[in-house]
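Values quoted throughout were computed directly from the atomic coordinates according to the rules given, and no laboratory measurement underlies them. The structure presented is a predicted model; accordingly, all values stated were derived computationally and were not measured. For neighbour counting, all protein chains shown are included, and Cβ atoms are generated from backbone atoms with ideal geometry for every residue, glycine included.
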Amino acid sequence: MPVKSQKRNFIIAGNWKMNPDSLADAKTIFAAISRKARSARHTVVVLAPPAPFLSAGASRSGRAGTAACLAIQDVSEHVSGAFTGSVSARQARSAGAEYAIIGHSERRKAGDTDMIVSQKVRQALDAGLRTIVCVGETERDPHAHYLRTVREQILAVVGALDKKQVRSLTHSLIVAYEPVWAVGKSYDTAPKPSDIHEMSIYIKKVIAESLGKKIGIKIPVLYGGSVDLENSKAILKDGGIDGLLVGRQSLDSKDFGGMIDYADSL
Ligand code: PGA
């Protein structure tokens, strides 16, 4: 399907976290969202189910114009071996994931430091996964120290990449700006589109300073944190971002489908 150049190409990603409870429910949501994704012409839909449900979604995975792509919600910082309970990037790739979410605030809270996040990103990239790395401050202070937090999170990742990883970065790295204070909160907590726009420019600038302008401009930036169908429209339209990373509302196929439709109409 040719992509019309005047249309914006968004990525609408859904992070199911530790939901739903059953494979049967996961299949129902996969089916509904895949139908929506198939009708989208300019929008890539990515779903991050819990790892045990990856293969159930794998048969439905694809690209814009087909169906939803799959993501793993986290990977191990190790390649393989004696790490009980962990899932490697290669295993996720082999089970059908094309994307990985790394450095989500819930993983950072559980102990992922900037160093571990950077190791996980490298594992994901080496396994051929497009990597959505989450960054975001825990609070917005009046002196704008939060900018430094985001900068450090980004530099910890991009500064540790090898030449080969950097060469393919514009295709393989995506940054999701997820301010921790807005994740999992009421939907009026999400920042204003103008604030999101500002942060998106800042993120691209930090990447550009480290890896060059060409790369900085091309790395897609998503927004995540208390996005619902209602606020998603202004964020997509005026937030200066390349898409959304949606938590709770990605399990509601009607509302998540509405976001896909809206993104595809822009
Ligand atoms: P939320 O979660 O949309 O439920 O706030 C977003 C996320 O954690 O990615």
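Which residue fluctuates the most in the chain, going by a Gaussian network model with Cα springs under 10 Å, if the choices are Pro52, Pro193, Pro179?
Among Pro52, Pro193, Pro179, the largest GNM mean-square fluctuation belongs to Pro52.
Could you list which residues have their amide H under 5 Å from that of Leu47, counting only those 5 or more apart in sequence or on another chain, with H placed in the peptide plane?
Amide H neighbours of Leu47, under 5 Å, 5+ apart: Gly14, Cys69, Leu70, Ala71.
Considering the chain as a Gaussian network with a 10 Å cut-off on Cα pairs, which listed residue, Ala92, Ala32, Ala40, attains the greatest mean-square fluctuation?
Greatest mean-square fluctuation among the candidates belongs to Ala32.
Pull out the extension gain between Tyr202 and Ala32, defined as 0.36 nm times the separation in residues minus the alpha carbon to alpha carbon distance; nm, one decimal.
57.6 nm
Taking neighbour Cβ counts within 10 Å as the exposure measure, how do His78, His171 sort from fewest upward?
Sorted ascending by nearby Cβ count, the order is His171, His78.
Relative contact order for segment 157-249: what percent, with Cα pairs under 8 Å and sequence separation of 6 or more?
Answer for segment 157-249 is 35 percent.
Compare Lys214, Lys36, Lys120 in a GNM of the chain, Cα atoms joined below 10 Å, and give the one with the largest fluctuation.
It is Lys214.
For the chain, what is the calculated [θ] at 222 nm in deg cm²/dmol (nearest 500), taking -39500 (n - 2.57) for each run of four or more DSSP H residues and dividing by its residue count?
It comes out at -12500 deg cm²/dmol, rounded to the nearest 500.
Please give, to one decimal in nm, the separation of the simple spin-label points placed at Ser55 and Leu266, each 7 Å out from Cα toward the Cβ.
Those two pseudo-labels are separated by 3.7 nm.
Tell me, what is the percent relative contact order of the chain, built from C-alpha pairs under 8 Å that lie six or more residues apart?
21
Would you calculate the separation in nanometres between label points at Ser80 and Asp21, each defined as 7 Å from the Cα along the Cα-to-beta-carbon direction?
3.7
Give me, ordered by chain and number, the residues 5 or more places off Arg130 or on other chains with an amide H under 5 Å from its own placed amide H.
Tyr99, Ala100
Please state the shape class of segment 1-158: rounded when a/c is under 1.5, otherwise prolate if a/b exceeds b/c and oblate if not, all from the C-alpha gyration tensor.
oblate
In terms of the Cα gyration tensor, with a ≥ b ≥ c the square roots of its eigenvalues, is the chain rounded because a/c is under 1.5, prolate because a/b exceeds b/c, or oblate?
Rounded, since a/c falls under 1.5.
Return the distance in nm (one decimal) between the two label points of a simple spin-label model at Ser94 and Lys213, each offset 7 Å from Cα along Cα→Cβ.
4.5
Taking 0.36 nm per residue of sequence separation and subtracting the Cα-Cα distance, how much length would be gained by fully extending the chain between Ser168 and Arg148, in nm to one decimal?
Contour length minus Cα-Cα distance gives 4.6 nm.
If you average the sequence gap of Cα pairs under 8 Å that are 6 or more apart and divide by the length of segment 80-208, what percent do you get for the contact order?
About 26 percent, as a whole number.
Of Met18, Met115, Met259, how do they rank once you tally other Cβ atoms within 10 Å and put the fewest first?
Lowest count first: Met18, Met115, Met259.
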